[in-house]
Amino acid sequence: MSEPLSLEQLRSLTPLNVLSEQQWRELRPQLVPQPLLAGQALFRHGDQARLTYFLLAGELLLRAEDGTTQHLIAGSAASCHPLSPSLPRLHEAHALRDASVLAIDSATLNRLLTWRLAYQDLLLELGEASGDVEWLERLLANLLFAKVPPSNVRAMLERLQPVAVMAGEAVLREGEAGDCCYFLKRGRAEVIRRVGSDDQVLAELEIGACFGEEALLSDSPRNATVTLIEDGEVLRLDRQDFFALLKAPVVNEVSLGEASRLLAGGAQWLDVRLQEEYQRAHALESLNMPLQLLRLKSRLLDRQRTYLCYCDSGKRSLSAVFLLSQLGFDAYALRDGLDALPSLQRDALLCQSGAGYLARSGGRTERSG
């Protein structure tokens, strides 16, 4: 397998050259040259593949539908830009001699570019003030910030309160009331939940991770303990600032009618209640993934699919949507939950024996009903 591109090669390609090294690291699995043999087609007229191509070595011939051609040589100014970027493709491309190309998922590249350009001024400003922006890049790389306006981010940064934490110290404890959430700025932390007489480690948090928000969204006690594994620092955001600056732009809610239109377009119900609640009655073809297991079992979800989260009161659904946004999923919460539906609509939505799916251990889903 070819080696990933060097920094020098990346800096020569537009628009890859505006991305940060942190973002290049995220793209690293895709930054591998692919061989193209002489005479082989890279793409044809009308191609719809959502890939951004760059010529790295060799020569290509681009031919438009009207017959006009362009001879492209690696290393030229034209080769430093994407090849026929419009979709559907306006050209066909063939290798004139053995070549190599770079193919990057366009959606991922567009997300990174949008983020970088939206926050570039803020990063430059903070870099000039403190010289320490790596933590901010990692914070903003959290996918929930793709939905947060830069003005909200700026206001949030002004209100964050730094808190130094020693290794072994708990930032928040299971069962306590929640009046704030936190972001991990430095160090490593783990999420622990009490199961019977044992402590179960649910996850290890990375720098930039948000935690403690579930108690705010559900207006319930903390459902886990977060402890620092090594000396570090967290950033505290008060409840009212969380709701105004983060929850409002990130958590989308829909009515039952709006949910029905999304279902017709391929969305799926995601029941975030306990399995016992789900088995009593659930939406047809829904997937049961209890909120407390959502982070662990999210790998079973399809990133190309939209999920409609529901629970009885709507509070667990809000937490689920916020978490899924951090993980890069497209999700909505049923506004005010099942309890707010008129009895006829609730009875029509829920069924006792209709087919559904349960998320099981071992990375699989199981048909139910």
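The residue of the stretch 252-289 that is farthest from Glu158 (Cα to Cα), among those that are assigned to a strand (DSSP E or B) and either in contact with a Pro (Cβ under 9 Å, 6 or more places away or on another chain) or of a type in the set (A, V, I, L, M) (or both), is Ala283. Quick check: anything in the stretch 118-127 of a type outside the set (Phe, Trp, Tyr), farther than 22 Å from Gln304 by Cβ, assigned by TED's automatic domain parsing to the domain that holds Leu16 and in contact (Cβ under 8 Å) with a residue 12 or more places away in the chain? Among the residues of the stretch 118-127, not one is of a type outside the set (Phe, Trp, Tyr), farther than 22 Å from Gln304 by Cβ, assigned by TED's automatic domain parsing to the domain that holds Leu16 and in contact (Cβ under 8 Å) with a residue 12 or more places away in the chain, which makes the answer no. Selection of the stretch 254-276 for residues being of a type outside the set (A, V, I, L, M) and surrounded by 17 or more Cβ atoms within 10 Å (Cβ to Cβ) yields Gln268, Trp269, Asp271, Arg273. Condition first: crowded, with 19+ Cβ neighbours inside 10 Å and of a type in the set (S, T, N, Q). Can you find one or more residues in the stretch 208-222 that meet it? Yes, that holds for at least one residue. Looking at Glu59, Glu26, can you tell me which residue is more than 26 Å from Asp330 (Cα to Cα) and either assigned by TED's automatic domain parsing to the domain that holds Arg303 or acidic (Asp, Glu) (or both)? Of the residues listed, the single one that is more than 26 Å from Asp330 (Cα to Cα) and either assigned by TED's automatic domain parsing to the domain that holds Arg303 or acidic (Asp, Glu) (or both) is Glu59. In the stretch 186-202, the residues that are closer than 18 Å to Leu296 by Cα and in contact (Cβ under 8 Å) with a residue 24 or more places away in the chain form Cβ pairs under 7 Å with partners that are of a type in the set (Ser, Thr, Tyr) and assigned to a strand (DSSP E or B), at six or more places apart or across chains, as follows: Ala189/Thr227; Glu190/Thr227; Ile192/Thr225; Ile192/Thr227.
Does Pro85 meet the test of being crowded, with 19+ Cβ neighbours inside 10 Å and outside the structural domain of Ser151 (by TED's automatic domain parsing)? No; evaluated as a whole, the condition is false for this residue.
Going by the structure shown, is Gly232 surrounded by fewer than 20 Cβ atoms within 10 Å (Cβ to Cβ) and either touching a residue at least 40 places away in the same chain (Cβ under 8 Å) or of a type in the set (A, V, I, L, M, F, W, C) (or both)? For Gly232, the condition - surrounded by fewer than 20 Cβ atoms within 10 Å (Cβ to Cβ) and either touching a residue at least 40 places away in the same chain (Cβ under 8 Å) or of a type in the set (A, V, I, L, M, F, W, C) (or both) - is not met. State all residues of the stretch 59-115 that are touching a helix residue (DSSP H, G or I) at 6+ places or on another chain (Cβ under 6 Å) and not in a helix (DSSP H, G or I); if no residue qualifies, say none. Of everything in the stretch 59-115, those that are touching a helix residue (DSSP H, G or I) at 6+ places or on another chain (Cβ under 6 Å) and not in a helix (DSSP H, G or I) turn out to be Leu72, Ile104. Is one or more of the residues making up the stretch 342-359 at pLDDT below 90 and in contact with a Phe, Trp or Tyr (Cβ under 9 Å, 6 or more places away or on another chain)? Scanning the stretch 342-359 turns up at least one residue that is at pLDDT below 90 and in contact with a Phe, Trp or Tyr (Cβ under 9 Å, 6 or more places away or on another chain). With respect to the stated conditions, Leu27 is outside any loop (DSSP other than H, G, I, E, B), of a type in the set (A, V, I, L, M, F, W, C) and either under 23 Å from Arg63 (Cβ atoms) or in contact (Cβ under 8 Å) with a residue 40 or more places away in the chain (or both).
Does Pro249 qualify as being modelled with pLDDT under 95, in a loop (DSSP other than H, G, I, E, B) and surrounded by fewer than 19 Cβ atoms within 10 Å (Cβ to Cβ)? Against the criterion (modelled with pLDDT under 95, in a loop (DSSP other than H, G, I, E, B) and surrounded by fewer than 19 Cβ atoms within 10 Å (Cβ to Cβ)), Pro249 does not qualify. The single residue among Leu72, Leu51, Leu83, Leu37 that is in contact with a Leu (Cβ under 8 Å, 6 or more places away or on another chain) and either touching a residue at least 24 places away in the same chain (Cβ under 8 Å) or on the phi > 0 side of the Ramachandran plot (or both) turns out to be Leu83.
A quick yes/no check of all residues on (1) in a loop (DSSP other than H, G, I, E, B); (2) surrounded by fewer than 18 Cβ atoms within 10 Å (Cβ to Cβ):
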{"site": "Leu294", "(1), (2)": "no, no"}
{"site": "Gln304", "(1), (2)": "yes, yes"}
{"site": "Ala320", "(1), (2)": "no, no"}
{"site": "Leu324", "(1), (2)": "no, no"}
{"site": "Ala333", "(1), (2)": "no, no"}
{"site": "Ala348", "(1), (2)": "no, yes"}
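Yes/no matrix, rows are residues, columns are (1) closer than 17 Å to Trp24 by Cα; (2) within 21 Å of the chain's Cα centre (by Cα):
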{"site": "Gly75", "(1), (2)": "no, no"}
{"site": "Cys80", "(1), (2)": "yes, no"}
{"site": "Arg97", "(1), (2)": "no, no"}
{"site": "Ser100", "(1), (2)": "no, no"}
{"site": "Ala107", "(1), (2)": "yes, yes"}
{"site": "Leu112", "(1), (2)": "yes, yes"}
{"site": "Arg116", "(1), (2)": "yes, yes"}
{"site": "Leu124", "(1), (2)": "no, no"}
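Residue-level analysis places Ser79 outside the set of residues that are surrounded by 16 or more Cβ atoms within 10 Å (Cβ to Cβ), assigned by TED's automatic domain parsing to the domain that holds Pro29 and in contact with a His (Cβ under 6 Å, 6 or more places away or on another chain).
The values are calculated or read from the model by the stated rules, or taken from the named source; none is laboratory data. Values in this document were obtained by computation on a predicted structure and should not be read as measured data. Neighbour counts are summed over all protein chains in view; Cβ atoms, including those assigned to glycine, are modelled from backbone coordinates with ideal geometry.
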